[in-house]
Every structure is written in structure tokens, then in C-alpha cells.
Amino acid sequence: MPDLIITNIGTLVSGDWENPVLDCNTVAIRGGLIDAVGGAELLSRYPDAQVLDAMGVTVAPGLIDSHCHPCVGDYTFRQKTADFLESEVHGGVTTMISAGEPHFPGRPKDAAGAKAQAIFLSKCFRNQSPLGAKIHGGALILEQGLVEADFAEMAREGVWLVGEIGLGSVKSPADAAPLVEIAKRYGFRVAMHTGGTSIPGSSPVSADDVIRTGPTVASHCNGGPTSISTAEAERIIRESDAAVEIVQCGNYRMTNFILETAGKLGQWGRVIFGNDAPSGTGMIPLGILRNVCYASSVCGVPPAVAVAMATGNTARVFGLNTGVIAPGREADIVCLDAPIGSVADTALGAIEAGDIPGVTYVIINGRVAVVKSRNTPPGNRTPRPAGQNDA
Ligand SMILES: [Zn+2]
């Protein structure tokens, strides 16, 4: 794969919420990783590189969906729809993290079956994914009867996620906390459904349950779609160390409350964004961008910090080497611009104004996956290979 250089970048969003905009206009990619970040002087260091002229648009890390419910391939039985994962890539998402595959028809609800499903699906999604997106599937659903040896076996086979606690037969903190402790020891990241039930068979989960169970992520703190109370959400922020997840399919009023409260407490670094799709709400290809726009335009989060909630924050929580524009990181990148007709003339301005930016390029592991999204409005400007004129 030849080196790739993106230059003439108008705004470079880092994905790091504490330093969200970089004063650089060029990113060099080698071997699927970001190799250097700097100015136009980088062009001479990579003489054989393909050069992408960003035409002054905004470049950001590829977005991460912290809460996806893939099933098998790019099909969901929940809403009987194909290509929903590929559609999300057209919304700027390069990484999707499963919060469990409860919609698999006939999903086995015993320990051996749950383990087998997790191993099977984690391998399937590693072997093949739409447009090369990073689909982290095979999130174990906790069922009664799982023991430490099961987690050891799954870890050896590459399983590293526990899907939302509450979906399976292990529900109470008394049952779940010992398994969460074991799972974390084997390197698993653990999600826990928070709030009212979303599908038959799952159970309401309170702030107290989250605090006593100790998951990595308090899933959909803003409801999925039914939320805990504001007092409970504040307890999760103050009394747990879990990531505070906000989903597109949640409760907007609670989104406002959580972002305001997390901001006051200096905890924006713990906020991550998910879609929670497919769900009863459906599939939302632009769901992560919609979260970013809502957080910025309605809740007052600076736009580049809102992007970090969909990139670097999530990568840190899940230990992924993506989501940040820095040397050594996987070269998962999106080019964004204000959509044609927006009151703003940059992507960050559009986000702050509540307009979905136009996704013009999506790059995964240094390879171009999408040119001109089929789902976002068109951007004012489209990056193009250097030397190429307007058609
Ligand atoms: Zn849930």
C-alpha cells in the first residue's frame, strides 16, 4: 500500500477532548498507520506518496459507535434490514463496538451456547466487514453457569467484550459483579444496560445496580429509550468510574442533563456516543453525527470536544489504537465540511449550528473506503487527489 498524505487541511480535529484542535494542516499515513502530523514540509519526506488535497475541509478521526447490535454479516433480524453497517460507514463511522447480539434468531441462553456465539461472531466480524470497517462483534451475553475457565477460553479465542448486562439471565449485581471482576481480569470491557427495559426479557437497571456491578460502560445513561432519573444519572457520574454513554436512541432531555452535569464536574472525558441500533427506533446511519451535533448545538459542548466524545474518548475506554490523530494510531480518518446551504462555512461551525456536516472521505487503515457519503448532505468542498481538476 503506498503512503498517503492528506494536506491543505482547513481544521484538524484531534479526537483528544483536552486538546481538540491541532495547529497542523498535513497528515502522513504509512502502512495503515498515521506516521506524522505537521505542515506542508511533510510532502518532501514522502516523495512517493499519493497526495490528497483536502481543499481546506475539516479532518477528524473516524467516528466510533460505542453501542451497536450487529447480528450476522450486514443484516439485522431486529428490523429485517440489510446494509445497515455499511450505511453507518457512510455516516463517518469507522469502528463499531457490539453491545451484544441479542437479536440472533434462536440465540442460545445457556452458558455453552452464549460462549460459542461470542467466539463465533467475534471471528466472523474480524474475517469480513462492510467497507473494511472495524466491527468488534461477539460481545458475550452473561448467562448463568459461566465460570472463569470460560472467560480464559474466550480471551484466548479473541473475545474481549461483554455485551449489555441485563440482556441475559445474569442480572442482579450479586450475580453479575463476580463475573465482571473475572471478565475484567481477562481484559474484557464490560457494558451494562442502564434504565428501563428496551426489549422483552431484559430488566430495568438502576444507578445502584451500576455502582455495585462495576461495568466499563454505563450503557445509554440517557435511556434506551427509557431513562433513569436525573438524580440517578448524577450518582453514576459521581460515584462510579464507568464511561457515561449517550445514545441516539435515548431520551434527549436526559442527554442535556448528563452533558451539563458531566461538564460541571469536569467529566466530559468520560462521555462516549453510541447509536444503539438496530433497536425499536431503527437504524440511524447518521446517528453518531447526530449525537455530535446535538451535544454541540443544544447542550453547549464545543464542537471539537463533541467529536472527541465520538472518537478519542471511546478509544480510550475500550483500549483501541484509533480515534485520535497522532503518530502510531491506526489511520481511520474522515473528511467533513459544512453542507451546501448551511449557515456555517466549516464543519465545526455546522456542528455548532446543528447541521449534519457533509462526509466527503472516509479512510480506514489508510485505505479510502468512501468518497462522498451516500447519506450525508454534500459538503461545500470535496477533497481530491493532488493535480486533479474539477470535473
Ligand atoms: Zn440496552
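The values are calculated or read from the model by the stated rules, or taken from the named source; none is laboratory data. Source: prediction; values computed, not measured. As a convention, Cβ positions derive from the backbone with ideal geometry for all residues, glycine included, and neighbour counts pool all protein chains shown.
Values for this structure:
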item: Set VAL359, VAL298, VAL371, VAL307: member being at pLDDT 95 or above, on the phi < 0 side of the Ramachandran plot and under 15 Å from the mean Cα position of the chain (by Cα); result: VAL307
item: When residues of the stretch 64-103 are limited to those that are surrounded by 24 or more Cβ atoms within 10 Å (Cβ to Cβ) and part of a loop (DSSP other than H, G, I, E, B), the one nearest to the ligand (Cβ to nearest atom); result: ALA99
item: Matching residues, the stretch 314-328, being of a type outside the set (Val, Ile, Thr) and in contact with a helix residue (DSSP H, G or I) (Cβ under 6 Å, 6 or more places away or on another chain); result: GLY323
item: ASP53 among the acidic types (Asp, Glu) and more than 22 Å from VAL13 (Cβ to Cβ); result: no
item: Among residues of the stretch 347-372, those that are crowded, with 24+ Cβ neighbours inside 10 Å and in a helix (DSSP H, G or I), counted; result: 4
item: Hits in the stretch 246-281 (condition: at positive phi and within 15 Å of the ligand (Cβ to nearest atom)); result: ASP276
item: Residue in the stretch 128-145 that is nearest to the ligand (Cβ to nearest atom), counting only those that are assigned to a loop (DSSP other than H, G, I, E, B) and closer than 23 Å to PRO285 by Cα; result: ALA139
item: Residue under evaluation SER296, criteria (1) touching a strand residue (DSSP E or B) at 6+ places or on another chain (Cβ under 9 Å); (2) surrounded by 24 or more Cβ atoms within 10 Å (Cβ to Cβ); (3) not acidic (Asp, Glu), criterion not met; result: (1)
item: Conditions (1) under 30 Å from VAL244 (Cβ atoms); (2) assigned to a strand (DSSP E or B); (3) touching a helix residue (DSSP H, G or I) at 6+ places or on another chain (Cβ under 6 Å): number failed by GLY15; result: (2)
item: Any chance PRO204 is surrounded by fewer than 20 Cβ atoms within 10 Å (Cβ to Cβ) and within 14 Å of the ligand (Cβ to nearest atom); result: yes
item: Filter result (farther than 15 Å from ALA133 by Cβ, in contact (Cβ under 8 Å) with a residue 40 or more places away in the chain and in a loop (DSSP other than H, G, I, E, B)) within the stretch 317-344; result: GLY319, VAL324, ILE325, ALA326, PRO327, GLY328, ARG329, ALA338, ILE340
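Let's see how each residue does on (1) within 16 Å of the ligand (Cβ to nearest atom); (2) within 22 Å of the chain's Cα centre (by Cα); (3) under 29 Å from GLY92 (Cβ atoms); (4) part of a strand (DSSP E or B):
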site: ILE119; (1), (2), (3), (4): no, yes, no, no
site: ARG126; (1), (2), (3), (4): no, yes, yes, no
site: LYS171; (1), (2), (3), (4): yes, no, no, no
site: GLU181; (1), (2), (3), (4): no, no, no, no
